[in-house]
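**Q** Supplied in structure tokens, the structure appears directly below.
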Amino acid sequence: MRTLLNERVAGDRAPIQGYNIYELGDVPLQSGAAVLKRAQLGYATYGTLNSAADNAVLLPTFYTGTHIRNEPLFGKGRAIDPARHFVISINLFGNGYSSSPSNSRAPQDGPRFPQVTLFDNVACQHRLLTERLEVRRLALVLGWSMAAMQAYQWAAQYPNMVEAILPYCGAARCSPINHAFLDGPKAALQADAAWNDGNYLKPPQKGLRAFGRVYAAWAYSHDFFRDGLYRDLGFATLEDLMRDWEEDHLKWDANNLLAKIWTWQHGNISDNPIYHGDFKRALRSISARAIVMPCSSDMYFPPSDNAAEVADMRNAELRIFQSTWGHSVASPGRVPAFQRALDEAAAELLGG
């Protein structure tokens, strides 16, 4: 294990305050066609593991998230409190902290980075938790979007280790419409001549701006735009909001964005050697207590998909959050009412 301090990586403008690297060695991937060489997981911990090794709360990261972006999810006096819980925030492969196109050596640098599934991510996270951190049981796994997909993945992949999950604005698999949406920003990015099949000499800025603009419309809802709720974020006009999304995506490495899109599009808790594509069986295998929290207006992960999932889970509750903020209602710390609802759900699950 190495500890890195005050270092910059792709995907975050601010210096890192401190995080750990767990070196996994060469990791055979689920596809069987490739090995992730010199694989590394970037992670941060808060609090202390108890003597029973069962007070751990796992926070995976979302699509453009990092362990830093997860920090608004816990704190002193909150449902998740490092004074009581051992909080672990693990970065997704491809986000610039863990092994990614931007930080891997040849021959797996840039567009040559291998295709990594959520099954691969969770298998490596399991190694970190058990081999390095000595966690025996997870009290809770929670997260937004791709992190929610990982919460489902954990509960299906290691059902005997997970006590409870709280996936919000996410799903147990990527739906066809979600897959099609993701092809939009991907195509916009790759249309930039500077993209050069991923072998760019400088960031493909036109493509990154187009990526952000295509992505933005789906992140909210029809009512959000109709009612001008972008003003609540400090934007005077819709164009100001869209330009902010453009600027935000300029800081991301293009190959990292596309590597994670592939992972997202192939997310499915049953697409692995355990369940062999039997989605209902995978859902029925989840023994963890679950509160599933979609947003009523989320266009990525509609509540109807979650309702069908909960119907096949043993001990799950569907708790729809009514909001016009769409998928972005769950952005950490953005909508106070959602954060309160999330804390209440986490407290229920952690309270047993």
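The values are calculated or read from the model by the stated rules, or taken from the named source; none is laboratory data. What you see is a predicted model, and the numbers here were worked out from it, not measured in a lab. In this analysis, Cβ positions are derived from the backbone assuming ideal geometry, glycine residues included, and neighbour counts consider all displayed protein chains. We work out accessible area using only protein heavy atoms, side chains counted, and drop any ligands, DNA or RNA first. Shrake-Rupley method; radii C 1.70, N 1.55, O 1.52, S 1.80 Å.
**Q** Among 299, 149, 242, what's the order by accessible area (1.4 angstrom probe), most exposed first? Let's see the in-between values first.
**A** Values: 299 70, 149 5, 242 25 Å².
These residues rank, largest area first, as 299, 242, 149.
**Q** Just the number, please: carbon plus sulfur as a percent of the accessible area of the chain, 1.4 Å probe, no ligands or DNA/RNA counted. Spell out each step's value before the answer.
**A** Working: 7060 of 14240 Å².
Percent of accessible area from carbon and sulfur atoms in the chain: 50.
**Q** Additional query: In square nanometres, what is the average projected area of the Cα convex hull of region 177-235?
**A** Values: hull surface 20.3 nm².
Over all viewing directions, region 177-235 projects a mean Cα-hull area of 5.1 nm².
**Q** Label-point separation (nm) for residue 312 and residue 237, each offset 7 Å from Cα along Cα-to-Cβ?
**A** 4.8 nm
**Q** Would you mind checking which residues have amide H under 5 Å from residue 40's amide H? H placed 1.01 Å from N; only 5 or more apart, or other chain.
**A** When sequence neighbours closer than 5 places are left aside, the close amide H contacts are 24, 99.
**Q** Something else now. Taking loop as defined by DSSP and a crowding limit of 16 other beta carbons within 10 Å, which trypsin sites (Lys or Arg not before Pro) in region 220-278 fit?
**A** 251
**Q** Here is a follow-up. With a probe of 1.4 Å, find how much accessible area the chain has per residue, and write the answer as a whole number in Å². Spell out each step's value before the answer.
**A** Numbers: 14240 Å² over 352 residues.
With all protein chains present, the chain gives 40 Å² per residue.
**Q** Just for the chain, what percent of DSSP beta bridges are antiparallel, to the closest 5? Walk me through the numbers before you get to the answer.
**A** Details: 15 of 35 bridges.
Taking every DSSP beta bridge within the chain, about 45 percent pair in antiparallel fashion.
**Q** Something else: Give, rounded to the nearest 20 debye, the magnitude of the charge dipole that the chain has about its Cα centre when Lys and Arg contribute +1 at Cβ and Asp and Glu contribute -1 at Cβ.
**A** On the way: 34 positive and 35 negative charges, 104 e Å.
Dipole magnitude for the chain comes out near 500 debye.
**Q** Of 77, 121, 64, which is farthest towards the positive pole of region 19-142's charge dipole, taken about the Cα centre with +1 and -1 on the beta-carbons of Lys, Arg and Asp, Glu respectively?
**A** Positive-end residue among those listed: 77.
**Q** Under the Kirkwood approximation applied to all pairs of distinct alpha-carbon atoms, what is the hydrodynamic radius of region 108-218 in Å? It would help to have the intermediate numbers written out before the result.
**A** Values: mean 1/r = 0.0613 Å⁻¹.
Roughly 16.3 Å, rounded to one decimal.
**Q** Sorted by average packing, counted as other Cβ atoms within 10 angstrom per residue and highest first, what order do 313-320, 271-278 take? Write down the numbers at each step before the final one.
**A** On the way: 313-320: 16.6, 271-278: 14.4.
The densest-packed peptide leads the list: 313-320, 271-278.
**Q** Could you state the orientation-averaged shadow area of the convex hull built on the Cα atoms of the chain, in nm² to one decimal? Provide the component values of the computation, followed by the final result.
**A** On the way: hull surface 66.0 nm².
Projected area, direction-averaged: 16.5 nm².
**Q** While we're here: What whole number of Å gives the distance from the Cα centroid of region 123-169 to the Cα centroid of region 299-352?
**A** Cα centres, region 299-352 to region 123-169: 17 Å.
**Q** Starting from the Cα of residue 322, step 7 Å along the direction of its Cβ; do the same at residue 81; then give the gap between the two resulting points in nm.
**A** 3.1 nm
**Q** Once amide H atoms are built 1.01 Å from N in the peptide plane, which residues 5 or more positions from residue 59, or in another chain, come under 5 Å H to H?
**A** Amide H neighbours of residue 59, under 5 Å, 5+ apart: 88, 89, 90.
**Q** Of 276, 233, 172, which is farthest along the charge dipole of the chain in the positive direction, counting Lys and Arg as +1 and Asp and Glu as -1 at C-beta?
**A** Farthest towards the positive pole: 276.
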